[in-house]
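The values are calculated or read from the model by the stated rules, or taken from the named source; none is laboratory data. All values reported here derive from a predicted model rather than from experimental measurement. Cβ placement follows ideal geometry from the backbone for every residue including glycine, while neighbour counts extend to all protein chains displayed. Ligands, DNA and RNA are excluded from the accessible area calculation, which covers all protein heavy atoms including side chains. Shrake-Rupley method; radii C 1.70, N 1.55, O 1.52, S 1.80 Å.
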Amino acid sequence: MMIATMVTFKDEQRRYTSADLTAIFESSAPHYRGMDGLRSKVYFIDAERGEFGGFYLWESREQMLRV
């Protein structure tokens, strides 16, 4: 069984551009590479809704909870 989680942030005031968020995501990606139990992480930006975040796929709930 795999565990999926989605973390969403609201940016209602549009403080970040898509370019800003892409730079932030690229700088944080190395932190997640090789993380125990993390099978996949996908970043997302929804400029129209002012939302951004990440979708995570974990091998187990226990591994997800450790993070």
Considering only segment 28-41, how many residues are more than 14 Å from the chain's Cα centre (by Cα) and either assigned to a strand (DSSP E or B) or at pLDDT 95 or above (or both)?
1
Quick check, is Met1 touching a residue at least 40 places away in the same chain (Cβ under 8 Å), loosely packed, with under 11 Cβ neighbours inside 10 Å and assigned to a loop (DSSP other than H, G, I, E, B)?
yes
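To keep it simple, each residue is scored yes or no on (1) in a loop (DSSP other than H, G, I, E, B); (2) modelled with pLDDT of 95 or more; (3) of a type in the set (Asp, Glu); (4) open to solvent by less than 100 Å² (accessible area, probe 1.4 Å).
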| site | (1), (2), (3), (4) |
| --- | --- |
| Thr5 | no, yes, no, yes |
| Arg14 | yes, no, no, no |
| Asp20 | no, yes, yes, yes |
| Glu26 | no, yes, yes, no |
| Tyr43 | no, yes, no, yes |
| Gly54 | no, yes, no, yes |
| Met64 | no, no, no, yes |
